[in-house]
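Right, one structure below, let's go through it.
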Amino acid sequence: MLPNNKIKRARKWLGDLHEPRDRKHPNTRSFCLGGVDIGDTTQGITNYVWQAWTDGAAIYLQRTDSTRPDRVLTDKSITSVSVAFTRDMNLVIAYQSGIDSKLWVGRNGSLVGSIVASIRGGKDPMVALDDNRYATDITSDVIFAYIKDSMLCCRYQREEYRTEHKLQMLDSDTNLYRMGMGRDNRFLFLLQKEVKN
């Protein structure tokens, strides 16, 4: 959870994020750290790299060292995907479907889940565990962030993603490019201006 729902502006770049969030990739693919399997924390929650991607009609998930992907969900006009795990290795996926930013949350350590938030007119939806260090076990949250009406907004796992927190007004041509824990152990929202010809 962000202290007092406040953020500070700072010059940060993709390389300032922890691996694998610092990787360059299109919005249709996302990477995060996780455990050995969904719902399995026996080998910790940071020992494997997971990826999610979309073909526009479905979202798939797999560990990067595995050859077998799983189809997690289907929807219409999926243009972006973002993946994270809770501290107990439940799957959380944010994605853009048409003009809706959606949040899908897995249940009971399985690939069964449901849409828990659908933000009409939202854009650039992303999810990330705010801190995966062992010492923060009881205070860390998955953060669901998006832009709505030029406002950077977020919702927290501990509030069951029900309450929208408005973080900062942005210029209308600003996108949420990436987010996650930075190498300086601060949670980062990387924003970028659209380049217009």
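Assorted remarks:
- Sulfur and carbon atoms: percent of accessible area, region 45-197 [1.4 Å]: 45
- Each peptide in 112-118, 32-38 receives the mean, over its residues, of other Cβ atoms within 10 Å, and ordering these scores from highest gives 32-38, 112-118.
- Shape category assigned to region 89-143 from the gyration tensor of Cα positions, a/c cut at 1.5: oblate
- Burial order of peptide ranges 90-101, 63-74, 172-183 (average beta-carbon count within 10 Å, highest first): 90-101, 172-183, 63-74
- Considering region 103-197 at the alpha-carbon level, its Rg and Dmax are found to be 14.4, 48 Å.
- Euclidean distance of C-alpha centroids, region 106-181 and region 46-62, integer Å: 17
- Taking a ≥ b ≥ c as the square roots of the eigenvalues of the alpha-carbon gyration tensor, the chain is classed rounded because a/c is under 1.5.
- Given LYS24/LYS166; LYS76/LYS123; LYS76/LYS148, the pairs whose alpha carbons are separated by over 24 Å: LYS24/LYS166
- Summary value for the chain: 16 percent relative contact order, contacts being C-alpha pairs under 8 angstrom separated by 6+ residues.
- For the chain, the per residue solvent-accessible surface stands at 52 Å², with DNA, RNA and ligands left out and a 1.4 Å probe.
- Rounded FRET efficiency, nearest 0.05, which uses the C-beta distance separating THR64 from VAL112 and R0 of 41 Å: 0.95
The values are calculated or read from the model by the stated rules, or taken from the named source; none is laboratory data. No experiment lies behind these values; they were computed from the predicted model shown. Here the Cβ is made from the backbone with ideal geometry for all residues, glycine too, and neighbour counts use every protein chain on show. When the accessible area is computed, the model is the full protein with side chains, heavy atoms only, and any ligands, DNA or RNA have been set aside. Shrake-Rupley method; radii C 1.70, N 1.55, O 1.52, S 1.80 Å.
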